[in-house]
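Here the structure comes first, spelled out in structure tokens, and everything after it is commentary.
Taken together, the values in this text are just the output of simple stated rules run on the coordinates, not laboratory data. Computed from a predicted structure; not experimentally measured.
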Amino acid sequence: FGSNVDVTVEVLHVAHRGFPTTPAMEVGFIPVIPSTSAIEQWEKNIREEAENIVESAKRTVEAAGMNASYRIAWGGAPEVIEQVAEEDGVDLIAIGSRGAGQITGLFLGSVSDRVLHRAKVPVLVVR
């Protein structure tokens, strides 16, 4: 970006709230319900990880001499990205692709793929 281009980057990290469940959390057919403190600790860890990711992005954007705003949101990533893009009137969504692979992507889908197909503005997928 040139110095005479007025660009503001909005850095958005979407964290998923909710305790993960796995078959290992079941004893026989009875589900094991995690304690409130376990859920709170898990969410604290997710929040700290999100803050670290945003802080890293902040250093990168500042080193490039660009204006930026930073936000952490909770929820399903494709839906939150779409909502924020619409509310804030963004011109372009730039999103990373983790490359989960074809099999994983087939069963789980990918955030970048879902955003690419649902967004109302252009999407740049970066590997």
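Computed quantities for the displayed model
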| read-out | value |
| --- | --- |
| Chain lengthening between Glu79 and Glu55 when straightened (0.36 nm per residue, less Cα-Cα) | 6.3 nm |
| Net lengthening on full extension, Arg17/Glu86 (0.36 nm per residue, minus Cα-Cα) | 22.6 nm |
| Other-chain or far-sequence residues with amide H under 5 Å of Trp74's (modelled H) | Ala15 |
| Using θ = phi - 60° and Karplus 6.51 cos²θ - 1.76 cosθ + 1.60, couplings along the range 63-70 (whole Hz; Gly, Pro as x) | 5, 7, x, 9, 7, 8, 10, 10 |
